[in-house]
Amino acid sequence: MTLMAQDWVRVGKVPFGKGVFARQDIPKGTIIGHVEGQVIDDPGYATSYCIDLGGSFSLEPRAPFRFLNHCCTPNSCLCIQDVVYEDGTPAPAEVTIEALCDIPKGTEVRIDYRWSATGAIKCLCGSPACRGWVVAEEELPQLTKSKKRNTKQVC
Ligand SMILES: [Zn+2]
């Protein structure tokens, strides 16, 4: 029997909105579910929930995974699988959520959003290893780089 997303997780309240919680113990490596939603073919598309599928495709996820929150030390990850049509043309990628470690029942399931530095916001995930920003690790230096100012008096 294959367990579906609704067997593994439920949507619950967190202080700043909603989150996804383990409904039962989730063993490491479990595919918690497929992220279903509307695929949008528009390179300029950006919302706070959308997942970049590569190329011009974005996925606007439906619940429950719409409510996955970010953590700098996540217990789950997004897996994006490239898909092609029978004739070899690229189809919108498929997205699954996979458990990176054993997730005890009742724990919030969180992923690392890995945003680019241009979209980064301050992170409040509370992890001891918090990067301070919701941003991909390799883009972090762009945000924390110290700036030098050279003030010229112009009037
Ligand atoms: Zn953080």
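The values are calculated or read from the model by the stated rules, or taken from the named source; none is laboratory data. Computed from a prediction, not measured in an experiment: that's the story for all the values here. All Cβ positions, glycine included, derive from the backbone under ideal geometry; neighbour counts span all protein chains shown. These area figures cover heavy atoms from the full protein model, side chains too; ligands, DNA and RNA do not enter into them. Shrake-Rupley method; radii C 1.70, N 1.55, O 1.52, S 1.80 Å.
For residue 104, state whether it is within 13 Å of the ligand (Cβ to nearest atom), more than 14 Å from the chain's Cα centre (by Cα) and under 26 Å from residue 21 (Cα atoms). When the stated conditions are applied, residue 104 does not pass them. Using the structure shown, decide if residue 20 is more than 16 Å from the ligand (Cβ to nearest atom), on the phi < 0 side of the Ramachandran plot, at pLDDT below 95 and not charged (D, E, K, R). When the stated conditions are applied, residue 20 does not pass them.
Out of 92, 64, report the one residue that is open to solvent by less than 70 Å² (accessible area, probe 1.4 Å), over 19 Å from residue 135 (Cα atoms) and in contact with a helix residue (DSSP H, G or I) (Cβ under 8 Å, 6 or more places away or on another chain). Write out each step before concluding.
Numbers: 92 fails: in contact with a helix residue (DSSP H, G or I) (Cβ under 8 Å, 6 or more places away or on another chain).
Within the list 92, 64, the selection yields 64.
For residue 57, the stated conditions do not hold, so it cannot be described as away from the ligand (no atom under 16 Å from the Cβ) and closer than 24 Å to residue 126 by Cα.
If we keep just the residues of segment 40-66 that are in a loop (DSSP other than H, G, I, E, B), farther than 14 Å from residue 96 by Cα and more than 13 Å from the chain's Cα centre (by Cα), which is modelled with the highest pLDDT? Taking the candidates together, the pick is 42. If you go through segment 87-111 and pick out every residue that is out of contact with any Cys (no Cβ under 7 Å at 6 or more places or on another chain), at pLDDT 95 or above and not hydroxyl-bearing (Ser, Thr, Tyr), you end up with 11.
What residue, among those in segment 73-101 that are among the hydroxyl-bearing types (Ser, Thr, Tyr) and more than 17 Å from the chain's Cα centre (by Cα), is nearest to residue 19 (Cα to Cα)?
Let us first name the residues in segment 73-101 that are among the hydroxyl-bearing types (Ser, Thr, Tyr), namely 73, 76, 85, 89, 96.
Narrowing the set further to residues that are more than 17 Å from the chain's Cα centre (by Cα) leaves 85, 89.
Working: 85: 34, 89: 36 Å.
Among those that are among the hydroxyl-bearing types (Ser, Thr, Tyr) and more than 17 Å from the chain's Cα centre (by Cα), it is 85.
Given (1) farther than 30 Å from residue 24 by Cα; (2) away from the ligand (no atom under 16 Å from the Cβ), identify the lone condition not met by residue 81. The one condition residue 81 does not meet is (1).
Could you say which residue among 95, 134 is away from the ligand (no atom under 11 Å from the Cβ) and in contact (Cβ under 8 Å) with a residue 40 or more places away in the chain? Steps first, answer last, please.
Numbers: 134 fails: away from the ligand (no atom under 11 Å from the Cβ).
The unique qualifying residue is 95.
When you check residue 22 against the structure, is it touching a strand residue (DSSP E or B) at 6+ places or on another chain (Cβ under 7 Å) and buried (at least 18 other Cβ atoms within 10 Å of the Cβ), yes or no? Judged against the criteria, residue 22 is a match.
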